[in-house]
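Reading through the structure tokens given below for one structure.
The values are calculated or read from the model by the stated rules, or taken from the named source; none is laboratory data. What you see is a predicted model; the values in this text were computed from it and never measured. No Cβ is skipped: glycine too gets one built from the backbone with ideal geometry, and neighbour counts run over all protein chains shown. Only protein heavy atoms, including side chains, enter the accessible area calculation; ligands, DNA and RNA are left aside. Shrake-Rupley method; radii C 1.70, N 1.55, O 1.52, S 1.80 Å.
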Amino acid sequence: MITVSDVSLAFGERVLFKDVNLKFTPGNCYGIIGANGAGKSTFLKVLSGEIEHDKGEIVVSPGERIAVLKQDHFAFEAYSVMETVIIGFPKLYNIMKEREALYAKESMSDEDGIRAGELEAEFAELGGWEAEAQASQMLSGLGLDEADHTKMMSDLDESRKVRVLLAQALFGNPDILLLDEPTNGLDLESITWLEDFLIDFPNTVIVVSHDRHFLNTVCTHICDIDYGRITLYSGNYDFWYQMSQMLQRQAREQLKKREEKAKELKEFIQRFASNASKSRQATSRKKVLEKLDLENIPVTSRKFPYVAFKPNREIGNNVLRVEKLNFRSPDAVLLQDFSIIVNKGDKIAFVGAEHQSKTAFFEIIAGEQKADSGDYYWGQTVSFSYFPKENSRFFNSDLSITDWLKQYSPDQDDTYVRSFLGRMLFSGDEALKPVNVLSGGEKVRCLLSKMMLSGANVLIMDEPTNHLDLEAITALNEGLEAFTGVVLFNSHDHEFINSIANRIIEILPGGMLIDRMMPFDDYLKDESVKELRVTAYHHAERLQI
């Protein structure tokens, strides 16, 4: 259990949070939410002791172990994958290393023998004999092939390093688990595994995440950081959202009433302040006006961008026909006899573990990559706009955001472009920042602005929710739901897929496709889909043998 009493933290004059009083208890999962820059990750670091708070007290129950998801993905390059996971349980790891050193001696003294017996007892008590099997089970659940379990961390790419570090945090049944964006870099299958793990986890979990489905599935409570306060709500993210909307409505109504009251009082004071018979009443009303604290009714610090895609032209019945596309990377076959027909009204989510295949398909139909063989045909009424997963090439200049967006705007007027950027949360001097210094989330908002200005009736989007906060994801989600054209997209956000897609296509090894006209949740439950997936992966394994 963690008890937080009167904790405050400020950086200079900027107060992140003040007078926080919370209690985190076993058996519960607490989601930390708030606008970008509100202090979510900083609050986790305060709880873990990585950052010192200015005042107050944080008390962890005696003897309880805190495990933290490490953010330095290259901190364990000299260790094997298996060793890195077990390091997550320091007591067991230290006993293992001492035990290994003892048994490596050419000869053992009597003292060594006694110590070896003690170590064996502690090793067994801490689950040392099952440690590698448990670590291996976690790594497999998080999507790492068995061959990766014996590799060095330096031999893994960054996406697999992230999974190993998550397994490290989960390993050894910690009493308190602190997770900062644990679903980043995970595919939908791994996220599902993590959700199931945390649902069954009996101890305390505190997590920062932008994944709404994840927060809804695992959280029993939500801690909302807003205006320097941290407010605890019972329930998951959807419950918090409904509650916050109601409270914001009440706050706005209360603020409106106070503003109307203040206006009446000011008018009365101005009219009768010099009137002897009314001066006492005017003075009385002046005191009431002074007590009306209009500043102390903040609605929310959250800002939602405006995302709306409006096609310049209605799309016809012929949208896209793809015939036997084949494409091979230096390492693997990504597309094999890939054929689909995209219809008017389709909003297709491309799902599954073959991420390179999805990106290759998007790049080919967007004209940014050439297939080895096969062809594709866009309909005559189609105009498309493409959102790539890797976007750095768009921002290798010192143009301001305003001048950058002008390149893609049909209206070159500064006022038009600046007003458009304002709706995307680039207001005032923000719109004059050079694009080569933008954060990941700011770059995504710029690309979405470019797509909105295009007037396209087909949108191709490769993981558009990466780097976005909950507010921007919600705005994009609603914008795509309302879009009247065709959408082809790929995302790791369960809620995003389920609320937008009316058709699901999964690319499987060996070029096999599963294509279903149904919502994502129905697709996940479909037994025929599960059978096809198992068949495809078994077939792929046989071909490798």
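When the Cα positions of Met243, Gln336, Ile348 are compared along the charge dipole of the chain, Met243 comes out farthest toward the positive end, with charges on each C-beta of Lys, Arg, Asp and Glu. Karplus-derived 3J(HN,Hα) values for the stretch 207-219, using 6.51 cos²θ - 1.76 cosθ + 1.60 with θ = phi - 60°, are 9, 9, 7, 9, 8, 5, 5, 4, 4, 5, 6, 9, 7 Hz; glycine and proline are entered as x. The amide H of Val351, built 1.01 Å from its N in the peptide plane, has Ile505, Glu506, Ile507 as neighbours under 5 Å, considering only residues 5 or more places off or on other chains. Between the beta carbons of Arg65 and Ala10, assuming R0 = 41 Å, the FRET efficiency works out to 0.85 to the nearest 0.05. When the Cα atoms of the chain are aligned to their principal axes, the ranges along those axes come out at 105, 74, 46 Å in descending order. Potential lengthening of the chain between Asp331 and Lys310 amounts to 3.6 nm, from the contour at 0.36 nm per residue minus the alpha-carbon distance. Projected label points at Glu106 and Ala366, each 7 Å from Cα along the beta carbon direction, are separated by 6.4 nanometres. Normalised per residue, the accessible area of the chain is 49 Å², obtained with a 1.4 Å probe and no contribution from ligands, DNA or RNA. Distance from the Cα centre of the stretch 155-172 to that of the stretch 407-482, in angstrom? With the stretch 155-172 and the stretch 407-482 each reduced to a Cα centre, they are spaced 33 Å.
Dipole magnitude for the chain: about 3620 debye, using +1 per Lys or Arg Cβ and -1 per Asp or Glu Cβ, origin at the Cα centre.
Largest to smallest in accessible area, the residues Thr231, Thr3 fall in the order Thr231, Thr3 (1.4 Å probe, all protein chains included).
The solvent-accessible area of Ile507, taken with every protein chain present and a 1.4 Å probe, is close to 10 Å². Rounded to the nearest Hz, the phi-derived 3J(HN,Hα) couplings of the stretch 66-80 under the Karplus curve 6.51 cos²θ - 1.76 cosθ + 1.60 (θ = phi - 60°) are 9, 10, 10, 6, 5, 9, 7, 6, 10, 6, 10, 4, 7, 10, 6, where x marks glycine and proline.
Protection proxy ranking for 474-481, 235-242, 429-436, using the average of other Cβ atoms within 10 Å per residue and placing the highest first: 474-481, 235-242, 429-436. Reducing the stretch 484-503 and the stretch 85-128 to their Cα centroids gives an inter-centroid distance of 52 Å. Projected label points at Ser140 and Phe74, each 7 Å from Cα along the beta carbon direction, are separated by 3.3 nanometres. For the stretch 505-520, putting each phi into the Karplus relation 6.51 cos²θ - 1.76 cosθ + 1.60 with θ = phi - 60° gives couplings of 10, 10, 8, 10, x, x, x, 6, 10, 10, 10, 10, 8, 6, x, 5 Hz, in residue order, rounded to whole numbers and with x for Gly and Pro. What a 1.4 Å probe finds exposed on the chain is 48% carbon and sulfur by accessible area, rounded to a whole percent. D by Stokes-Einstein for the stretch 419-512, Kirkwood Rh over Cα pairs, 25 °C, 0.890 mPa s: 166 µm²/s. Quick check: pseudo-label points 7 Å beyond the Cα along Cα→Cβ at Glu323 and Glu481, how many nm apart are they? Between Glu323 and Glu481, the simple spin-label model gives 3.9 nm. Ordered from largest to smallest accessible area (heavy atoms of protein chains, 1.4 Å probe), the residues Glu50, Glu442 come out as Glu50, Glu442.
When Lys450, Lys45, Lys370 are compared by accessible area at a 1.4 angstrom probe, the order from most to least is Lys370, Lys45, Lys450.
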